[in-house]
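Nothing in this text is a laboratory measurement; each read-out follows from the coordinates by a stated rule. Just so we're clear, the structure is a prediction, and the values are computed from it rather than from any experiment.
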Amino acid sequence: MAQQAETANRPMQPVRRRYSMWDVSFNIFNYAIISLIAFICIFPFVNTIANAFSSSHAIQSGKVFLWPVGIQFDAMKSVFWDDNVIRAMLVTIYVTVVGTAINMVMTILTAYPLSRRDLAGRKYFMNYMIFTMMFGGGLIPSYLLNKELGLLNTLWSIMIPGAVSAFNVIIMKSFFQNMPEELREAAIMDGCGNIRYLLRIVLPLSGAVMATIGLFYAVGHWNSYMGAVIMIDNPDLYTLQVRLRNILLLSQMDTSLEVMQQQGKLQVIEESLKAATAVFATVPILIVYPFLQKYFVKGSFLGSVKG
């Protein structure tokens, strides 16, 4: 009995799984493939950063690969001293902040009613939204619609037309549907109306999915390009991506920078300037992502459990 009691009091030893040779080979193969794909994905960006901070001679001689060679900051100085790039950055920040706020308000006001099973015609509204995911009016009808609404050459032309995404509405609707119905019943018994229930109970419990969808919208606005090219002709309203396109394709830069280059105050070649502009346009959104990553994964999973 004493021996049995002593045996029962011993802590349970973890069971170690024995991997066969095939399991080990399969894991090595998987890690090798994943590492290769990750390297292929990250190499262009790392190489761009290296070019942005490398000397002109190193870039021209092809010595730059994964790290800067002959570190210099003339290219980044050129970008920061270009008034057009700074203005485009401010315009992009404004479009991202205001556009994301509009998107979130419209998405919440659309998803919450659709999550209510007592909404009359709920099925038809959902079918209509799914239809818009499969079929679109096209570029020319969108341009004509913005023209008739008087939105051309305004920032509203790239924020209002895409105010609601059917995909994001479906994710948020699914998240709202997964909330216990007892919460709403308790709120109704306490005299809570729909708006108050949405603001006081639903939204505080939806931080994960709101952060996820907010990130979707913010990245979309930050990288928006085609809408700004088609709808905006005023150079003062160009977004950062449009300005980046002009530098990459047309090699347009501020005339004062050209004068400084001719005077020898800056030693910048075209490839280094393009790389510095690309880094300047990409880094801000990369800084935001780590703070929202945990919400991004959690929100995407919870919002896709049920349809």
For the range 17-170, convex hull volume per residue from C-alpha positions, Å³: 269
Stokes-Einstein D (µm²/s) once Rh is taken as the Kirkwood radius of the range 159-201 over alpha-carbon pairs, at 10 °C in 1.306 mPa s: 131
The Kirkwood hydrodynamic radius of the range 90-195, taken as the inverse of the mean 1/r over all distinct Cα pairs, in Å, comes to 16.1
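Over the range 34-95, what number does the Rg to Rh ratio reach, with both radii from the alpha-carbon atoms and Rh per Kirkwood?
1.11
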